[in-house]
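Notes follow the structure.
The values are calculated or read from the model by the stated rules, or taken from the named source; none is laboratory data. Just so we're clear, the structure is a prediction, and the values are computed from it rather than from any experiment. Please note: Cβ atoms are built from the backbone with ideal geometry, for glycine as well, and neighbour counts cover all protein chains shown. Heads up: the accessible areas ignore ligands, DNA and RNA and are worked out on the full protein's heavy atoms, side chains in. Shrake-Rupley method; radii C 1.70, N 1.55, O 1.52, S 1.80 Å.
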Amino acid sequence: MKKYTEMSKEELLHEKESLEEAYREYQKRGLSLNMARGKPSVEQLELSMPMLDVLHSQADLVCQDGSDCRNYGEPVGIPEARALMASMMEDDPENVFVFGNSSLNVMYDTVARAMLFGVCGSTPWCRLPEVKFLCPVPGYDRHFKITESFNIQMINIPMKEDGPDMDLVEKYVNNDPAVKGIWCVPKFANPTGTVYSDEVVSRFAHLTPAAEDFRIYWDNAYCVHYLYEDNQPQIPEILSECAAAGHPDMVYKFASTSKVTFAGSGISALASSKRNLDDIKRHLVVQTIGHDKMNQLRHARFLKDHDNVIRHMMKHAAILRPKFEALEKVLDDELISRGIGKFEKPLGGYFIAYEGPDNTAKAIVKAAKECGVVLTGAGAPFPYGKDPDDKWIRLAPSFPTLEDLKQAAAIFAVCARLVYAKQLLGE
């Protein structure tokens, strides 16, 4: 396959004319396809329908500790749910608090508490002249929206093949007391699918922050979201690594079952040190008498333990894997083979990050939309929605049917080729 940069002007003009014809045909179809967000498909949601039969009017609704799930209490979660989430997060149940359906909500509240009350006795952030957060990019747009909403200054940290650029992380964290946190998705990072290396995790654990209230916001959103049964990468457990390095309080670790069971009706969790959890509980008992314990019990009895969770996730993988592989094939055959951009094939998670030529992402997203394909906005994987090179596009293959996904991928490829051909022609 001839690369676009190797084509003559005449060849590029012919290529552009052919692509414009295909583009006009797609526009005529009145399609409505979506690869914008990592939503589970209906088929995936069906996998957890038996969970609704776990609790019924004759069910025993008393927890292991004797408390009644129908009543008030247990603000940090019922024992069964704490044990379940601890098994997913590779931690001890006493290090885990269980909340409601959204880990994003827990992350927001964690930042809000720091703003209003400080962290473990430190000065509330709202009283400080400046607060900074490190943001590995491309990254998760909803993380960035949280810190942006509190007017926290966000600093881009480039992602490498094995995680964030730790030289930069160490430079900022170890020398600037205004740096209070860093967003991390350590396994199957959103959107690149990157898995942090052992060295990266170790370097995180050995940070020596200039700020006593610096915390790593470790979002383990995809900790069990493997695509392949025979290739499930593991990473060191960050809390124990930090404790061993003499920094037991440096991490807040988050997770949920949002893409394990029902996306809008799961349970979430936070794991941290005793000191951090005691600080959080002090405010939590004012905020709530307890989260939905019936849902916690339902999840604990349905998912049971880590091994059963993995078996359940392999059912998800059987649905997701063909979609990922279909999208990867189109990207390889239609774009990469022509020297147009690049991407890494993830082993898990929910996204593929396409890195196109500079100054093409906005134009590709706009062109796709005009053909009826909705993509995540260009710039979304960056703080303030500003991709300095205008080249990253997050692709979410999970929600469409396989046939719809193939069609959306084909349209995306035509749009990316057309935009690049025009760029090379100076149009």
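Flag not set for Glu11, criterion: open to solvent by 80 Å² or more (accessible area, probe 1.4 Å) and over 27 Å from the mean Cα position of the chain (by Cα). Annotation note: of Gly30, Gly77, Gly66, the sole residue that is in contact (Cβ under 8 Å) with a residue 24 or more places away in the chain, in a loop (DSSP other than H, G, I, E, B) and open to solvent by 30 Å² or more (accessible area, probe 1.4 Å) is Gly30. So, Ser256, is that one surrounded by 24 or more Cβ atoms within 10 Å (Cβ to Cβ) and out of contact with any Asp or Glu (no Cβ under 7 Å at 6 or more places or on another chain) or not? Judged against the criteria, Ser256 is a match.
Go through Ser87, Ser41 for me and flag whichever is open to solvent by less than 40 Å² (accessible area, probe 1.4 Å), under 30 Å from Leu395 (Cβ atoms), hydroxyl-bearing (Ser, Thr, Tyr) and touching a residue at least 40 places away in the same chain (Cβ under 8 Å).
Ser41
Residues in segment 272-298 that are over 26 Å from the mean Cα position of the chain (by Cα) and of a type in the set (A, V, I, L, M) were compared, and the one that is least open to solvent (accessible area, probe 1.4 Å) is Met294.
Summed over segment 138-161, the residues that are open to solvent by less than 60 Å² (accessible area, probe 1.4 Å) and among the acidic types (Asp, Glu) give a count of 1.
Scanning segment 102-112 finds no residues that are farther than 26 Å from Asp141 by Cα, touching a residue at least 24 places away in the same chain (Cβ under 8 Å) and open to solvent by 30 Å² or more (accessible area, probe 1.4 Å).
Select from segment 13-55 the residues that are among the hydrophobic types (A, V, I, L, M, F, W, C) and touching a Phe, Trp or Tyr at 6+ places or on another chain (Cβ under 7 Å) and write down the one among them that is nearest to Ala378 (Cα to Cα). Among them, the one singled out is Leu45.
So for segment 251-261 (the condition being touching a helix residue (DSSP H, G or I) at 6+ places or on another chain (Cβ under 8 Å), closer than 18 Å to Met314 by Cβ, in a loop (DSSP other than H, G, I, E, B) and of a type in the set (D, E, K, R)), does at least one residue qualify? Yes, some residue in segment 251-261 is touching a helix residue (DSSP H, G or I) at 6+ places or on another chain (Cβ under 8 Å), closer than 18 Å to Met314 by Cβ, in a loop (DSSP other than H, G, I, E, B) and of a type in the set (D, E, K, R). Once segment 207-222 is narrowed to residues that are open to solvent by 10 Å² or more (accessible area, probe 1.4 Å) and touching a residue at least 40 places away in the same chain (Cβ under 8 Å), the residue that is nearest to Arg311 (Cα to Cα) is Tyr222. For Asp249, are the conditions met, namely being among the acidic types (Asp, Glu), buried (at least 20 other Cβ atoms within 10 Å of the Cβ) and within 22 Å of Val169 (Cβ to Cβ)? For Asp249, the condition - among the acidic types (Asp, Glu), buried (at least 20 other Cβ atoms within 10 Å of the Cβ) and within 22 Å of Val169 (Cβ to Cβ) - is met. Within segment 401-412, if we keep just the residues that are in contact (Cβ under 8 Å) with a residue 24 or more places away in the chain and surrounded by fewer than 21 Cβ atoms within 10 Å (Cβ to Cβ), the residue that is nearest to Leu33 (Cα to Cα) turns out to be Asp404.
Within segment 321-347, the residues that satisfy the criterion of being in a helix (DSSP H, G or I), closer than 24 Å to Asp162 by Cβ and either in contact (Cβ under 8 Å) with a residue 12 or more places away in the chain or not acidic (Asp, Glu) (or both) are Arg321, Phe324, Leu327, Glu328, Leu331, Ile336.
Residue-by-condition table, conditions (1) closer than 22 Å to Ala271 by Cβ; (2) buried (at least 23 other Cβ atoms within 10 Å of the Cβ); (3) at pLDDT below 95:
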position	(1), (2), (3)
Gly118	yes, no, no
Arg127	no, no, no
Lys132	no, no, no
Pro136	yes, yes, no
Pro164	yes, yes, no
Leu168	no, no, no
Asn175	no, no, no
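Just the residues that are hydrophobic (A, V, I, L, M, F, W, C) and not in a loop (DSSP other than H, G, I, E, B), please, taken from segment 47-63. Residues satisfying the conditions are Met49, Met51, Leu52, Val62.
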